[in-house]
Each structure stands twice: as structure tokens, then as C-alpha cells.
Amino acid sequence: MMVALRPGAFLLLLLFFLLLPPPLRAEEPSPEPPAPPEDRAAAGERLRRRPAPVTDVAKLCTCDLLVAQCDVNCCCDPDCSAADFSLFTTCSVPIVTGDSRLCSQKAAVYSLDVKANPPERVFQLIDHVNPSVFCIHATNYKQALYFPSPEIPTPENFDELFKKFGSAAFSAEPESWTLDSDALNPSDANETYRYEYGIPIQTVDGFLRLPSPVVSSWCSDANPAGFLVNQATKCIRSVSVGKCGNIQAVSMLFYINSSILAVPKSSQMVNITVQSVVIQSLNGMRTLLNSKDVLRHPMILDELCMNVVLGVSYHITYTDAGEIIEAAASFVLGAINKEALSVQQSFEISFTQVNTKPVPLSGNPGYVAGLPVRAGFKPQKSGIIQSTNAYGQLTILQSTSNQDCLTAQGGRTPVLFGYNMISGCKLRITAAVKCQPLTQALLDLLKGQSFPEYVASFGNSQAENVHDWVPIIHLQNSEQSSCQIPVSLEIEVKWTKYGSLVNPQARIVNVTATTTTTTLKQLPSGRERTIPILSSVVFTDISSPAEPGYKAWPTINAKLPFDFFFPFV
């Protein structure tokens with residue numbers, strides 16, 4: 001007997017047999033019961049014994065976006081070859097680091113050697129030191145792994161809390177350090193043997209102090225002076241005439257008693273010498289002392305406190321290898337009366353490089369595309385002064401990977417002739433931001449520590465020939481408002497072709513730096529605003545084009561002598 005099944009019934013029957021469980025076998029053991037869960041204490045102890053993860057920054061690349069293809073201007077892209085690097089104009093990500101919050105870590109630095117033919121990529125693995133006072137030395141501080149309950153001030157613990165957190169700077173020391181890796185050792189925070197930009201200048205007992213206002217206008221001695229970072233600060237110091245002899249911060253010895261380390265982590269020391277001492281009277285008159293070797297201590301005389309430090313100016317001399325060889329300090333001493341409860345102090349620091357080599361030329365005579373634009377300053381009674389460092393020439397703001405203006409400060413890139421460049425960052429503004437400090441901070445961010453005054457017209461212009469240098473013209477586009485903050489810096493370089501048509505030479509004839517400002521409006525409390533900050537360079541060729549033409553046909557200007565037909569006429 002034959003039974004016909006419908007196609008749908010046949011599929012349901014086949015699915016039923018497939019879903020049947022397989023028969024149990026006698027020789028197969030029964031599954032073991034699951035292991036009991038591990039208790040929290042044992043799991044936490046095993047987790048603490050794990051070594052800290054190590055990140056190989058040489059293999060990190062934040063600009064590698066295309067798969068199996070070379071990204072333009074991405075110097076860390078492993079898919080790029082030497083032929084691709086020769087076509088790059090700049091490195092979009094010049095430095096690659098792991099966690100930016102760590103105090104010490106490895107960093108991969110990428111740059112382009114434009115002097116090579118063809119241009120090639122330069123890779124360097126350095127020890128990066130975070131100059132911030134809020135960097136992380138280690139991550140095994142158990143109190144930082146959770147949010148503790150805040151301690152509410154009461155009449156019983158108010159004095160203790162005020163003593164701990166009442167000053168401008170405070171710190172909480174961990175109960176114990178249990179280091180699992182040498183990379184987390186706080187002693188390795190400055191594992192470098194040469195000073196680089198921004199690294200705090202080390203002394204025998206810590207760092208070179210440059211007092212500055214931190215939270216309020218009162219002086220804080222916890223601010224370290226950064227290498228090659230020119231700073232000028234003012235703050236207020238609380239004093240009392242009756243106790244001025246016991247206040248270290250108003251004594252000259254407080255600022256010169258510690259020797260500077262020539263290079264970090266070395267035993268070679270450089271003493272701070274007194275360069276000059278100026279005495280300021282109560283009415284503001286200043287007198288320069290002939291003897292600068294005399295150390296004057298504060299003393300009380302006729303209800304006056306004499307020899308109080310009103311200002312300190314440090315001058316650091318260094319070599320091109322990042323080694324400090326000299327350190328000098330200039331003092332301004334004054335007097336305060338018994339009515340004064342505080343005194344305003346000013347502090348400055350500047351740097352000078354010695355044994356400088358001749359500044360490399362950017363062409364002979366005209367500029368060569370891809371070489372830095374030569375720039376400098378002109379004192380009143382001398383020629384042009386140039387810096388041998390390429391980053392001390394005409395530079396613009398260098399963009400960072402996170403586009404944060406606070407971390408981009410100090411990062412500059414030289415302006416290369418013929419290369420149009422644009423860079424920028426983003427600045428977050430809150431309601432508590434003041435107009436004047438923000439304006440100065442943005443100007444320093446856009447123009448750098450020292451914006452040059454002159455630019456060489458030719459690539460081989462000599463410093464003593466001032467007429468071969470073009471002054472930089474500063475323009476400003478602003479609105480009529482009470483608070484104007486700069487948001488962009490546009491540099492336009494106009495050049496022309498000079499000389500023979502067969503081999504024309506590039507010559508700079510005009511440089512204009514235009515600063516654009518915008519109105520800063522007061523934000524409501526708790527609100528934030530993000531402002532883009534831009535910096536750009538544009539090269540404009542203003543040469544007159546050569547027009548083709550033909551020479552005029554020669555004309556016959558022949559004259560016969562007066563006796564040519566003699567004796568016939």
C-alpha cells in the first residue's frame with residue numbers, strides 16, 4: 001500500500017527526526033557539576049598579581065583609517081612605503097603616546113626629513129614626560145579605585161580639614177605602594193637624560209620654583225619652571241613686618257640656595273649666581289647696587305622690613321644638546337611698612353642658547369620649496385638675530401590628535417616655503433573664564449613664545465644686511481566690543497620670481513599676519529561653549545607673467561661720405 005505525502009507534511013516529518021535527542025551511551029561519563037564560584041578576596045588578589053599591560057606605541061597609529069592602503073600624511077601607517085613618504089608634506093600625527101595621563105611613558109615621534117633627496121620619514125622612540133602636576137605615577141592606589149564618601153565638615157574636624165585642604169596646593173599620599181611593574185615606578189617619571197621643551201627644570205631638592213597664582217591671586221611655590229618655556233607671573237604674598245625675617249619666600253636665599261641639575265637624573269650641578277640686585281624705595285625709586293655678590297637678608301629697621309624680595313628674574317643658558325650650563329638670577333629688593341599685610345611679587349624666566357652654529361640657509365639665493373622660512377628679530381643697534389632651532393623661526397600652531405587647545409600649547413611646526421598649511425584646535429570655555437587671561441593665553445597659543453619681527457627676502461640673506469629682510473605687517477580684524485578674544489591667525493607670504501627667466505629665484509616681498517577676533521559673551525552659570533582656534537599660512541605668487549614677443553627687424557642706417565662720387569660730381 002502506498003501513502004502519498006504532501007510536500008509540506010514531508011518537511012515537518014523530516015524536521016521532527018532531526019530534532020530528536022541522540023541516545024545516551026553507557027560508556028560516556030556524566031557531566032561534572034560546575035565548579036563553585038571564586039570568592040571576591042581570592043579574585044581580587046589574583047587580579048592584583050597580574051602585570052600591568054604594556055602598550056607598544058611603535059605599533060599604534062591613530063591616523064591609519066584605510067585598510068591595506070596608505071593614508072595621506074600618516075607617517076605611522078605601516079602600509080606606506082618609502083615612495084609614499086617622499087610625497088608627504090607633513091606628518092598629520094607627529095607623536096603617538098599611550099595614556100596621556102601618565103607621568104612617564106614611551107612615545108613614538110614621526111617627522112619628515114625634507115633635506116633628504118627624496119624626502120624620507122624619520123622615526124624616533126623617546127621617553128615622554130608629562131610636565132603636568134596632575135599626572136598619574138601609578139594606578140594601584142586603592143583609594144582611587146572607588147568613590148569614597150565625602151567627609152562632611154563639622155566643628156570637630158574643621159581645623160584638620162582646613163589644615164589639609166586650605167592651601168592653594170594640596171596632596172594626599174597613599175598608604176602604601178605595591179608596584180607590580182617597573183613601568184609604574186614613580187622614580188622613573190623623568191627617565192630622560194636631556195632637557196626637552198616643557199620638561200620641569202630639576203634641582204637637587206626637587207624642581208626650580210617659579211611662584212605663580214594657582215587658585216587665587218596668592219603665591220603658590222608648587223609651580224615648576226618648564227625648560228624653554230618663557231614665563232612671567234605676578235602674585236601676592238602674605239607678610240608681616242614683625243615676622244618678615246622668618247618668611248623664606250621674601251629672602252634672596254630662598255631662590256638661589258638650590259643647585260640646578262645640568263641634565264635630568266645626573267650628578268652634575270649648576271649653581272644659581274646673582275646677576276644684579278636693584279633696591280627699590282617706598283616711593284618707587286630704584287638703585288642698582290655696584291656689588292652683586294652681597295647676599296642681603298630681610299631685617300627690621302625703624303618699623304620697616306628691609307630687603308624684601310619684590311621680583312626675581314631667572315636667566316638660563318643652555319646648549320643645543322639640551323644641557324644647562326649657566327643659571328643667573330636678578331633681584332629687586334624693597335621695603336614694607338607695618339601697615340602692609342601683603343606684598344606683590346613678580347617672577348620671570350628666559351632662556352639663551354650658546355655655541356650656536358650658523359643658521360642653515362633655505363636656498364642660494366632664492367628660496368627652495370619645502371625648506372623653512374628664515375625669520376628673526378631686529379634689536380635697535382644691531383643686525384637681525386636668528387635662532388638656530390627650526391622651531392624658533394616662523395612657526396604656526398601644530399594640531400594634536402585630540403584637538404584640545406590646552407594640550408596643543410607649546411607644539412609648533414615650522415613654516416615651509418611654498419607649502420600652504422592650516423591647523424587648529426578646539427577650546428572649551430566655561431562661565432568662570434575671565435576675558436583678559438583668556439585673550440593673552442590665546443595669543444600665546446597662536447603666535448608661540450616669541451613671534452618673529454622680520455623674514456628674510458632670500459634664502460641666503462645675511463643677518464647683517466638688514467635691507468634684505470622684510471618686516472612682518474600685523475593686521476587685526478575685530479569688532480567693537482568690550483571683550484575680544486583672538487580665534488585665528490592667518491599668515492600670507494607674497495613672493496615673486498627674481499632674476500633670469502631660465503633660472504628664476506624665489507624672493508619674498510611681503511608678509512602679513514592677520515589676527516581675527518570675536519566677541520566673548522558671558523555664559524550662564526553651568527553652561528559651556530566650544531570655540532575653534534585656527535592658524536594658517538598661504539603663499540601667493542605675485543610675479544608678472546612673461547609675455548612672448550619678437551625682436552624688431554633691423555633698420556639700415558647707412559651714410560655715404562661726402563666725396564664718394566669725386567671726381568665725377
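Any read-out appearing in this document is the output of simple, stated calculations on the displayed coordinates, not a laboratory observation. From a predicted model like this one, the values you see are computed outputs, not experimental measurements. Cβ coordinates were reconstructed from backbone atoms using ideal geometry, including for glycine residues, and neighbour counts include every protein chain displayed.
Values computed for the structure shown
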| item | result |
| --- | --- |
| Distant-in-sequence amide H partners of residue 326 (H built 1.01 Å from N, under 5 Å) | 317 |
| Highest average packing first - 306-314, 490-498, Cβ atoms within 10 Å | 306-314, 490-498 |
| Entries of 234/434; 163/243; 115/494; 106/164 with Cα pairs more than 26 Å apart | 106/164 |
| 5 angstrom amide H check on residue 333, placed H, neighbours 5+ away | 278, 279, 280, 310 |
| Ranked by how many other beta carbons lie within 10 Å on average, peptides 154-160, 517-523 from highest | 517-523, 154-160 |
| Percent of beta bridges antiparallel (DSSP, segment 194-353, rounded to nearest 5) | 70 |
| Segment 194-353 - charge dipole about Cα centre, Lys and Arg +1 at Cβ, Asp and Glu -1, debye rounded to 20 | 220 |
| Segments 115-124, 272-281 sorted - mean Cβ within 10 Å per residue, highest first | 272-281, 115-124 |
